[in-house]
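The values are calculated or read from the model by the stated rules, or taken from the named source; none is laboratory data. Remember, it's a predicted structure, so these values are computed and weren't measured experimentally. Heads up, the Cβs are rebuilt from the backbone with ideal geometry, glycines too, and the neighbour counts pull from every protein chain shown.
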Amino acid sequence: MLRDMEEEGVSPSVDTFNILVNAFCKQGSVKDAELAVQAMVRRGLNPDVITYSALIDGYCLRGEIDDAEKVLDGMVKRDIVPNIITYNSLINGYCKKKQIDKARHLFQYIQDKGLIPDVVTYSSMLQGLYGSGNPAAARELFNEMQAKGLAPNICTYRILLHGMCKNSQSPDALALFRSLESKELMEDVGLYNILIDGCSKCGKPNEAMDLFDELCLKGLKPNVRTYTVMISVYCEEGLLGKCKELLRKMEENGCLPNSVTYNVLVQELLKKNECREAEIYLEEMINRGFMPNHATFENLLPWIPNVGKDSRLRTIILKLT
């Protein structure tokens, strides 16, 4: 692309290279991004804060935090001042690598330097705190965010509700959801999915079913994640008829089951000793190009001695193994 531009008499600018570097980093090709920076320097162009921020984000997305820190050190040595976007990438990287102490230190450091954390900064910190099993600190940080007049976005609320549900706080998560006033938030299928899954995993299947019914009554469109969680709920409750009805309705609504849907369905049916039903869906799953995952295999193997030699299920299991 650069060669084509130059052949046309157009000289690539810093902005051109920044777009290229960012694209490489988003694709996970950080080494190519580094080569683009080298090409940029050879042409007499100086990388700026946007260039270095993209590189830091690229390394953090790959979990290569040490390399991200080296880029930060390099830009500081070149007297390029990091901005909030630069630090957000690094904080997010620390949180994803479970290095919450480093994230908290950097979060405080940037404020001491006079930078103001934005919604992305707080969202990353919330994810890190919940991920490290510190829901109290996460909730305190959320309260601080609101006290500073910073409005949480959908991403923030998804992180918050997911973190609360993961830490056995699904009633609090549901109460927070009910307190939301934004129509956009109240009609976000992603938030419903988190709550439905959270209720089902903490032993509140009726609340999960109520939330699913509420979602549908609002005219919202369940996605494959919604249907998969509800199929799991119905199976666990022994509501096989509801499970099959939902699977049929799912396809009628143009939402095809995926590998996770089938694996959940087959696993739950086998746990309930519904061998014949499991056989039907296992075969359908394979015919659609999906393979059983490790957990499904673990549920299948004990059935080999228990089914007849001419059983279709036995044939399928042996073929898979």
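Please find, within segment 1-47, the residue that is modelled with the lowest pLDDT out of those that are surrounded by 15 or more Cβ atoms within 10 Å (Cβ to Cβ) and assigned to a loop (DSSP other than H, G, I, E, B).
My answer is Pro12.
Of all helices (runs of 4 or more DSSP H) completely enclosed by segment 183-277, which ones contain at least 3 residues that are of a type in the set (A, V, I, L, M, F, W, C) and buried (at least 16 other Cβ atoms within 10 Å of the Cβ)? Steps first, answer last, please.
Working: elements: 183-186, 189-201, 205-217, 224-236, 240-252, 259-271.
Once the helices (runs of 4 or more DSSP H) in segment 183-277 are filtered for at least 3 residues that are of a type in the set (A, V, I, L, M, F, W, C) and buried (at least 16 other Cβ atoms within 10 Å of the Cβ), what remains is 189-201, 205-217, 224-236, 240-252, 259-271.
Kindly establish whether Cys255 is of a type outside the set (Asp, Glu), modelled with pLDDT of 85 or more and closer than 27 Å to Arg178 by Cα. Give the derivation first.
Details: of a type outside the set (Asp, Glu): yes; modelled with pLDDT of 85 or more: yes; closer than 27 Å to Arg178 by Cα: no.
In short, no.
Would you check if Asp118 is within 21 Å of the chain's Cα centre (by Cα) and free of Cβ contacts under 8 Å to residues at least 40 places away in the same chain?
Details: within 21 Å of the chain's Cα centre (by Cα): yes; free of Cβ contacts under 8 Å to residues at least 40 places away in the same chain: yes.
When the stated conditions are applied, Asp118 passes them.
Here is a yes/no grid of residues against (1) closer than 30 Å to Glu187 by Cβ; (2) surrounded by fewer than 13 Cβ atoms within 10 Å (Cβ to Cβ); (3) touching a Gly at 6+ places or on another chain (Cβ under 8 Å):
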| site | (1), (2), (3) |
| --- | --- |
| Leu72 | no, no, no |
| Pro82 | no, no, no |
| Phe107 | no, no, no |
| Ile116 | no, yes, no |
| Asn143 | yes, yes, no |
| Ala147 | yes, yes, no |
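Can you tell me which residue in segment 161-182 is surrounded by the most Cβ atoms within 10 Å (Cβ to Cβ), limited to those that are in a helix (DSSP H, G or I) and in contact with a Pro (Cβ under 7 Å, 6 or more places away or on another chain)? Step through it out loud before you land on a result.
Residues of segment 161-182 that are in a helix (DSSP H, G or I), as a first pass: 161-166, 170-179.
With the extra rule that they be in contact with a Pro (Cβ under 7 Å, 6 or more places away or on another chain), the set shrinks to 163-164.
Values: Gly163: 24, Met164: 26.
For segment 161-182, the residue satisfying everything is Met164.
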